[in-house]
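Notes to accompany the following structure.
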Amino acid sequence: MNVNLNIKAEDKCYWCGMKSVGFEHVPPQNLFPKGHRNELIKVTACKKHNQDLSKVDERMRINLIMLSHTSKVARKLFNEKIIKGIQREESKGLGIDIANNIYEKPEGGGYIRVNFEHSDTYFEKIIRGLYFRIYGNQFSGTTHHFWNHSNDLSLSANAHFYYLELEKKYSDEWIVGNCKNKQVFDFKYFYCNDEKQFFVIMNFYENHKVIGISIPKGKNIEDYGVDIEKYLNVKLE
Ligand SMILES: [Zn+2]
């Protein structure tokens, strides 16, 4: 039996580096209505990381489409796909679930209560996929994200602050992702050599901003808290 030990980059899994068996879209294809599927981003994936996440993808799609009031593309998808799906008798539970977990402000925008397992899996896949697409290999360690329409109460105030400052802190460094369907998805990124960290700022339907980061092995998100008092002192000086 011949075992090929020299797996080429194009045969590697975007997540773990094992031999790929197929392609994955990052972000998932179901976010893009017809007419907005120009050059979608695809990565190669192994059997384990090519698994069917269609339930998570569908729930997250609904979350992202809701609260995208100003997006014509999101409205179109909502009217064409989501409404019909929810109205089906067998989807009754899903409709009630959405009503219970999405808070829409009368003036637009709002908050979504999410299943963190779902959103973590969903965004980890996209962060890893984009990294692989840009650099052609995987990063070790974990990922974390910050989503402007989901209030993550497990984060300390310092970690919140870290995220809120990131875009400004690296304002000269961001590289635009050159997406072809910006009304649906766009991103900018950069890799910080000092911190050994990948940063990506994603935008869904021009309404949801999600900041994704890679966290090197042995660290966790709370290690990145900014010393708020120190920061404020510097600003006041
Ligand atoms: Zn894999």
Practice problem: Filter the GluC sites (Glu not before Pro) in segment 97-142 down to the DSSP loop ones having no more than 13 other Cβ atoms within 10 Å, then list what survives. | Solution: 107
Quiz prompt | Cys residues of the chain counted as unpaired, since no other Cys beta-carbon is under 4.7 Å | solution = 16, 179, 192
Practice problem: Over 30 Å between C-alpha atoms is what I'm after, so list which of 47/105; 42/72; 72/169; 34/188; 168/217 land there. | Solution: 47/105; 72/169
Practice problem: Would you please give the residues with an amide H less than 5 Å from that of residue 141, counting only those at least 5 places away or on a separate chain, with H modeled from the backbone geometry? | Solution: 217
Quiz item: Considering the chain as a Gaussian network with a 10 Å cut-off on Cα pairs, which listed residue, 81, 168, 42, attains the greatest mean-square fluctuation?
Solution: 168
Exercise. Determine the share of segment 39-174's accessible area contributed by carbon and sulfur atoms, expressed in whole percent, with a 1.4 angstrom probe.
Key: 50
Quiz item: Measuring with a 1.4 Å probe in the full set of protein chains, what accessible area per residue, in whole Å², belongs to the chain?
Solution: 58
Quiz prompt | Overall form of segment 10-112 per C-alpha gyration tensor (a/c, 1.5; a/b vs b/c) | solution = prolate
Exercise. Can you bin the chain into rounded, prolate or oblate? Criterion: square roots of the alpha carbon gyration tensor eigenvalues sorted a ≥ b ≥ c, rounded for a/c under 1.5, prolate for a/b above b/c, oblate for the rest.
Key: oblate
Practice problem: Could you give the size of the charge dipole of segment 120-192 about its Cα centre, using +1 on the Cβ of each K and R and -1 on the Cβ of each D and E, expressed in debye and rounded to the nearest 20? | Solution: 300
Practice problem: For the chain, set up a Gaussian network in which alpha carbons nearer than 10 Å are linked by springs, and say which option among 161, 32, 146 fluctuates the most. | Solution: 161
Self-check item: Whole-number Å³ per residue for the convex hull built on Cα positions in segment 140-236
Solution: 124
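The values are calculated or read from the model by the stated rules, or taken from the named source; none is laboratory data. From a predicted model like this one, the values you see are computed outputs, not experimental measurements. For neighbour counting, all protein chains shown are included, and Cβ atoms are generated from backbone atoms with ideal geometry for every residue, glycine included. When the accessible area is computed, the model is the full protein with side chains, heavy atoms only, and any ligands, DNA or RNA have been set aside. Shrake-Rupley method; radii C 1.70, N 1.55, O 1.52, S 1.80 Å.
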